[in-house]
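Enquirer: Here you go, one structure.
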Amino acid sequence: MGISDAGYTARGPLSDAVLRRLTGGEDTDHCALARRVADETPDIARDDDIQVALFTLYASSYGAIDAFSPDLEWDPQLIETRRILEARFESSIRSAVAVPELPTPTADAVSRALFALTGADAGPSLSRYVAKKATLEQAREFLMQRSIYTLHEADPHSWAIPRLHGRAKAALVEIQSDEYGGGRPDRMHAAIFAATMRGAGLDDTYGAYVDAVPALTLASHNMMSMFGINRNLLGAIVGHLAAFEMTSSIPNRLYGDGMRRLGFGEDVTDYFDEHVEADAVHEQIAGRDLAGTLAEDRPDLLPDIMFGAAACLAVDGWVGTHILDAWSNGESSLRTEVRG
C-alpha cells in the first residue's frame, strides 16, 4: 500500500478503506471490515490496521490532516466504523487494566487515591534512560514517538470542557489555559514541542512520523481521543488527565537533562523545562480541583475517573516497555525507516 494523500500509509484493508474514504475515494464497506478485523484481532492495542484506522477517524474530527474532507466528519458509515472499533478497544482496555479500590467521593480522598496510584506506578523509567544512557539516535526516536500526541498537545482533554460544570470545569480551563500558552501562541505547548522537533533536525509537521511509530504509540493517543470525544467517558478523560499531569514533572526534568547531556540547546530543552514547573502546579489542580470535585459533584463518575487514571499509567507503560526493550536489544523502537 502506497502513501495516502494524508501523508502516511495504511497498514491493512480497514485503514486503507478509511483513508480512501476520508480523502475522497470510493466508499467501500468499511463497517463490515471493522467488525471482522475487530473480531479477529488477538490484541487491539497492538493491531496496526485498527490503530491506524482509529487514528485516521479521530484526525478527521480534530481537523488535524488537511487532506480529510470536513464534509465527512459526521458521515454515518464512518461514525459506525469508529464506534465498532471503540467498543472493542474500550472493552479490551477495561479487561487489561487493574483499577484500585474506589476512594470515598470527596475531593481530598480522590486526590489522595490518585497520588497513591501514580506514586506506586512501577512502569519502566524511560525518562531515566534518556537522562543517563540514550544515544543521539535514540533521543531523536523518542521525539518522533512523542510527536504523535505532543504536536497536538492538550486537544484530547479539551473535549471535556463543555461537558463539565462548576468547579471541575474551572479547574480544567485553568490547566488548559497554560497548555495553550496563556494567550501567547508561541508558548502553546504544541508550538514549543514543534520547536523542539526542528531543533533536533526533525519534521514538525503533524503526522509526519505516523508511518514510523508502532501501533502501541498510536493506541496511547487513540485512547485519549476515545475518552475525550465520547461524552459517556467523561470520567475517564478526567482521570487520564489527572494521572498524566501527576507523572509529568519529574520525567520532564530528566528528559531535559538527557537532551542537554547530548548537546542540544535551549531550542530543544525548552519544552521539557517548561513542564517541570507547570506540571508540578497542574498535578495539584488536576488531582483535587478537577478529578476530586468532579467525583464530589458526580459520584457516578468516580469508577471511570479511577479507570482513566489507571489506563493512562498502563498504556503509557506498555509504550515505554516497547521502547526500552528495543533499545536494550540494540534495536530501533520505530517500525520502519523514517522517510526523508
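The values are calculated or read from the model by the stated rules, or taken from the named source; none is laboratory data. No experiment lies behind these values; they were computed from the predicted model shown. Don't worry about glycine lacking a Cβ; one is built from the backbone with ideal geometry, like all the others, and counts go over all protein chains shown. Side chains included, ligands, DNA and RNA excluded: accessible areas come from the protein's heavy atoms. Shrake-Rupley method; radii C 1.70, N 1.55, O 1.52, S 1.80 Å.
Enquirer: Once ligands and nucleic acids are excluded and a 1.4 Å probe is used, how much of residue 81 is accessible, expressed in Å² to the nearest 10?
Expert: Accessible area, nearest 10 Å²: 0 Å².
Enquirer: How big is segment 164-283 in terms of Cα radius of gyration and Dmax, in angstroms?
Expert: 15.5, 46
Enquirer: Of 45, 104, 28, which is farthest towards the positive pole of segment 22-151's charge dipole, taken about the Cα centre with +1 and -1 on the beta-carbons of Lys, Arg and Asp, Glu respectively?
Expert: 104
Enquirer: Relative contact order for segment 44-159: what is it in percent, counting Cα pairs under 8 Å that are at least 6 residues apart?
Expert: Contact order relative to length: 15 percent.
Enquirer: Please work out the Cα convex hull volume for segment 112-206 and give it in Å³ per residue.
Expert: 133 Å³
Enquirer: Give the accessible area for residue 99 in Å² (nearest 10); use a 1.4 Å probe, count only protein heavy atoms, and leave out ligands, DNA and RNA.
Expert: Surface accessible to solvent at residue 99 totals approximately 60 Å².
Enquirer: At 1.4 Å probe size, put 180, 255 in order of accessible surface, largest to smallest. Please list the in-between numbers first.
Expert: Details: 180 70, 255 10 Å².
If we order 180, 255 from most to least accessible, we get 180, 255.
Enquirer: Along each principal axis of its Cα atoms, how long is segment 228-340 end to end? Whole angstroms, biggest number first, please.
Expert: 48, 30, 26
Enquirer: Tell me, Kirkwood radius of segment 114-163 from alpha-carbon pair distances, in Å?
Expert: Its Kirkwood hydrodynamic radius stands at 13.5 Å.
Enquirer: Which three numbers, in whole Å and largest first, are the semi-axes of the equivalent ellipsoid of segment 4-162 derived from its Cα gyration tensor as √(5λ)? Don't skip to the end; give the middle numbers.
Expert: Details: eigenvalues 203, 98, 57 Å².
They are 32, 22, 17 Å, listed largest first.
Enquirer: Sorted from largest down, what three extents in whole angstroms do the Cα atoms of segment 1-78 have along their principal axes?
Expert: Per principal axis, max minus min of the Cα coordinates gives 33, 24, 21 Å.
Enquirer: Could you tell me the accessible area of residue 206 in Å² (1.4 Å probe, neighbours in place), rounded to the nearest ten?
Expert: About 40 Å², rounded to the nearest 10.
Enquirer: Can you tell which of 218, 102, 151 shows the greatest fluctuation in a Gaussian network model of the chain with Cα springs below 10 Å?
Expert: 102
Enquirer: Here's something else I'd like to know. Please give the charge dipole size of the chain, origin at the Cα centre, charges +1 on K and R Cβ atoms and -1 on D and E Cβ atoms. Round to the nearest 20 debye.
Expert: Once rounded to the nearest 20, the dipole reads 480 debye.
Enquirer: Step by step: find N for the chain, compute 2.2 N^0.38 Å, then divide the Cα radius of gyration by it. What's the final number?
Expert: Dividing the Cα radius of gyration by 2.2 N^0.38 Å gives 0.95.
Enquirer: Placing unit charges on C-beta atoms (Lys and Arg positive, Asp and Glu negative, everything else neutral), compute the dipole magnitude of segment 122-263 about its Cα centre in debye, rounded to 20.
Expert: Using Cβ point charges on Lys, Arg, Asp and Glu, segment 122-263 gives about 380 debye.
Enquirer: Run lengths n ≥ 4 of DSSP H only: what is the helix-derived mean residue ellipticity at 222 nm for the chain, with -39500 (n - 2.57) per run over all residues, to the nearest 500? Spell out each step's value before the answer.
Expert: Working: 16 runs with 213 residues, N = 340.
When only DSSP H runs of four or more count, the value is -20000 deg cm²/dmol.
Enquirer: Separate question: Counting alpha carbon pairs within less than 8 Å and at least 6 residues apart, what relative contact order, in whole percent, applies to the chain?
Expert: Computed value for the chain: 24 percent relative contact order.
Enquirer: Starting from 0.36 nm per residue, how many nanometres of slack lie between residue 5 and residue 329 once their C-alpha separation is accounted for? Intermediate values should be presented prior to the final figure.
Expert: Working: separation 324, 0.36 × 324 = 116.64 nm, distance 3.50 nm.
Extra length available between residue 5 and residue 329 comes to 113.1 nm.
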